[in-house]
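Undergrad: Can you keep this structure in mind? I'll have questions shortly.
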Amino acid sequence: MKNKIKLGIIICNRYYTCTGGKCLRAIYNKEGAFSIYKKKEIELVGYTTCGGCPGGNIEYAPEEMKKNGAEVIHLATGLVVGYPACPHINYFKNFIETKFGIKVIFGTHPIPQKYYLAHMKLKSWDKDLFKTIIQPTLSDKKTRLSYN
């Protein structure tokens, strides 16, 4: 088994000033979508935004990440928990996997509780697609609270 995974993260452009603290914490603690790497070392080889709707940077950023050794790209939790959630997220996944041959995973850090509660009230994630999309970052309440 290979003990190291190289990955990239693409965040929503609405959060372009994000310093990545929650994503980096989740990488270090192997929480949220990074829990699948429990037995691996994680090396972050790229971090950027989608470029803003409808995601112009999606055409170019994955190629750069791949050149840096990315084996997988995570579409950040912000794309899932933003108001509204990204309407292009599934297209981004399909496009990146098809054009660049890189596996894409929905989410990074665990969904913060405040976003979880708001989206439950809004019924944002009632569609089958979003029920699937939130799974990698749908942690227990205690973990969600720690990411508020």
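Undergrad: Residue by residue through segment 103-123, note down the ones that are free of Cβ contacts under 8 Å to residues at least 40 places away in the same chain, of a type in the set (A, V, I, L, M) and touching a strand residue (DSSP E or B) at 6+ places or on another chain (Cβ under 9 Å).
TA: Scanning segment 103-123 gives a single hit, VAL104.
Undergrad: Looking at ILE42, ILE36, ILE73, can you tell me which residue is within 23 Å of TYR147 (Cβ to Cβ), touching a residue at least 60 places away in the same chain (Cβ under 8 Å) and in contact with a helix residue (DSSP H, G or I) (Cβ under 7 Å, 6 or more places away or on another chain)?
TA: Residue meeting the stated conditions: ILE73.
Undergrad: Taking segment 93-121, which residues are open to solvent by less than 20 Å² (accessible area, probe 1.4 Å) and hydroxyl-bearing (Ser, Thr, Tyr)?
TA: Selection gives THR108 alone.
Undergrad: Considering every residue within segment 40-56, establish whether at least one is open to solvent by less than 80 Å² (accessible area, probe 1.4 Å), of a type outside the set (Phe, Trp, Tyr) and touching a Ser or Thr at 6+ places or on another chain (Cβ under 7 Å).
TA: There is no residue in segment 40-56 that is open to solvent by less than 80 Å² (accessible area, probe 1.4 Å), of a type outside the set (Phe, Trp, Tyr) and touching a Ser or Thr at 6+ places or on another chain (Cβ under 7 Å).
Undergrad: Residue pairs, Cβ under 7 Å, 6 or more apart or interchain, first in segment 124-143 and farther than 15 Å from LYS93 by Cα, second of a type in the set (Phe, Trp, Tyr). List them.
TA: Short answer, once both residue conditions are applied: SER124/PHE130; LYS131/TRP125.
Undergrad: If you scan segment 1-20, which residues turn out to be at pLDDT 95 or above and within 20 Å of GLY101 (Cβ to Cβ)?
TA: Listed by number, the residues that qualify are LYS4, ILE5, LYS6, LEU7, GLY8, ILE9, ILE10.
Undergrad: Anything in segment 122-143 that is open to solvent by 20 Å² or more (accessible area, probe 1.4 Å), farther than 15 Å from CYS86 by Cα and either assigned to a loop (DSSP other than H, G, I, E, B) or of a type in the set (Val, Ile, Thr) (or both)? List them, or say none.
TA: LEU138, SER139, ASP140, THR143
Undergrad: In segment 21-28, is there at least one residue being loosely packed, with under 15 Cβ neighbours inside 10 Å and either touching a helix residue (DSSP H, G or I) at 6+ places or on another chain (Cβ under 8 Å) or at pLDDT 95 or above (or both)?
TA: yes
A quick yes/no check of all residues on (1) under 18 Å from GLY20 (Cα atoms); (2) of a type in the set (Val, Ile, Thr); (3) assigned to a helix (DSSP H, G or I); (4) modelled with pLDDT of 95 or more:
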| site | (1), (2), (3), (4) |
| --- | --- |
| ASN90 | no, no, yes, yes |
| LYS99 | no, no, yes, yes |
| VAL104 | no, yes, no, yes |
| HIS109 | yes, no, no, yes |
| TYR116 | no, no, yes, yes |
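Undergrad: Continuing with this model, one more query. Would you point out the residue of segment 1-20, among those that are surrounded by 16 or more Cβ atoms within 10 Å (Cβ to Cβ) and among the basic types (Lys, Arg), that is farthest from SER146 (Cα to Cα)?
TA: Out of the qualifying residues, it is LYS6.
Undergrad: What pairs can you find where one residue is in segment 1-20 and assigned to a helix (DSSP H, G or I), the other is among the hydroxyl-bearing types (Ser, Thr, Tyr), and their Cβ atoms are less than 7 Å apart, with a gap of 6+ or different chains?
TA: Cβ pairs passing all conditions: ASN13/THR49.
The values are calculated or read from the model by the stated rules, or taken from the named source; none is laboratory data. Model, not experiment: these values are computed from the prediction. Note that we place each Cβ from the backbone using ideal geometry, even for glycine, and neighbour counts take in every protein chain shown. Quick note on the areas: whole protein, heavy atoms, side chains included, nothing else; ligands and nucleic acids left out. Shrake-Rupley method; radii C 1.70, N 1.55, O 1.52, S 1.80 Å.
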